[in-house]
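The values are calculated or read from the model by the stated rules, or taken from the named source; none is laboratory data. The model shown is predicted, which means the values in this text are computed figures rather than measured ones. Just the protein is used for accessible areas: all its heavy atoms, side chains included, with ligands, DNA and RNA removed. Shrake-Rupley method; radii C 1.70, N 1.55, O 1.52, S 1.80 Å.
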Amino acid sequence: MMKTLISLTRNKQHSKIKEYLESLPLKDKGPIFEEYLEYLLNGNGLLAKRVGGRGDLGADILVYNPKTPDQVDTIIQVKKTLE
C-alpha cells in the first residue's frame with residue numbers, strides 16, 4: 001500500500017493520493033496514514049518516528065530536528081474522524 005502512495009507522491013498526483021487514502025478499509029486508514037506522514041516528514045529532511053497505537057485511526061509522530069536528534073522538536077497527532 002505504501003508503494004502506491006509513494007508512487008503517487010513522486011508523480012505529484014495529489015487528488016489520487018486523497019482518493020487512495022479515502023478508499024482504504026477503515027481498519028487500515030489510521031496505520032497507513034501514520035506511515036505515510038512519517039514518510040513525508042522524513043522525505044522533507046526531518047527525523048520522524050511513529051509512536052502511535054495501532055487501530056486508533058490517528059497518527060502520533062515524534063519529529064526531531066536533524067541538528068538536535070536527541071530532543072523531540074514537535075509532536076504530531078492526527079485523527080481520522082468518521083463523517
Who wins for biggest fluctuation among 49, 12, 29 in a Gaussian network model of the chain, springs between alpha carbons below 10 Å?
12
Using the heavy atoms of the protein chains alone and a 1.4 angstrom probe, what is the accessible area of the chain per residue in square angstrom?
70
If I stretch the segment between residue 46 and residue 73 completely, what's the gain in nm (0.36 nm per residue apart, minus their alpha carbon distance), one decimal?
8.7 nm
Helix-only mean residue ellipticity at 222 nm for the chain, each DSSP H run of n ≥ 4 adding -39500 (n - 2.57), per residue, nearest 500
-14000 deg cm²/dmol
Explain nothing, just the number: relative contact order of the chain, from Cα pairs under 8 Å at least 6 residues apart, as a whole percent.
21
With a 1.4 angstrom probe the carbon and sulfur portion of accessible area for the chain, in percent, totals 52
With θ set to phi - 60° and the Karplus curve 6.51 cos²θ - 1.76 cosθ + 1.60, what are the ³J(HN,Hα) couplings of segment 33-46 in order, to the nearest whole Hz, using x for Gly and Pro?
5, 4, 5, 5, 4, 4, 4, 4, 5, 5, x, 9, x, 9
